[in-house]
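A short write-up of the structure that comes next.
All of the numbers you see were taken from the coordinates with simple rules; none came from a lab. Everything numeric in this text was worked out from a predicted model, so none of it was measured. Note that each Cβ is placed from the backbone with ideal geometry, even for glycine, and that neighbours are counted across all protein chains shown.
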Amino acid sequence: MAIRLTKPWIDAAEALTRLRGNLGVFELANDEGEVLYIGYAGGDSLYGLKGTVTHALQQVAGATQVRFEVSTAYHTRYRELLMVYQADFGRLPPAHAGLPANLGKLSPA
C-alpha cells in the first residue's frame, strides 16, 4: 500500500452515491486537485464515510472532489496522511485549523 492516498479523484456528487457506512479516511479537493481537507470516519461517526464526507463537503468551501479509502485502522491512517501532507508542503491542508496533538513526522520517499 502506498503511503499517499493515490486513488483517483471522484466528483463529490458521484462520491456520495458510492459511499456507504464504512470506516475509513478521505480527502477533499478543489477543481484543481489541491487537497483542502483530510478526514476520517470512525466508530462514532454517524453513517460512516457517507455521513462524514457529506458533512465535510458542507463545511469545506470549494471542495468539489473526493477520494477515500475504507480502513479499520482509520485513525492511524488519518494521522499518516496528515504527516505525509505536512512533509510534502510544510503545513496542513487549508481547511485544518491546527496540528492534532502529538502529530509525528514522516520523511516519505
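By the Stokes-Einstein formula, at 1.306 mPa s and 10 °C, the range 29-69 with its Kirkwood radius over alpha-carbon pairs has D equal to 150 µm²/s. Computed from point charges on the beta carbon alone (+1 for Lys and Arg, -1 for Asp and Glu), the dipole magnitude for the chain about its Cα centre is near 320 Debye. Computed from Cα positions, the angle between helix 48-59 and the longest principal axis of the chain comes to roughly 80 degrees. Listing ARG91, ARG4 from fewest to most neighbouring C-beta atoms within 10 Å gives ARG91, ARG4. Our estimate of slack between GLN59 and ASN102, defined as 0.36 nm per intervening residue step minus the Cα-Cα distance, is 13.0 nm. Tilt of helix 74-89 relative to the longest C-alpha principal axis of the chain, in degrees (0 to 90, nearest 10)? The angle comes out near 60 degrees.
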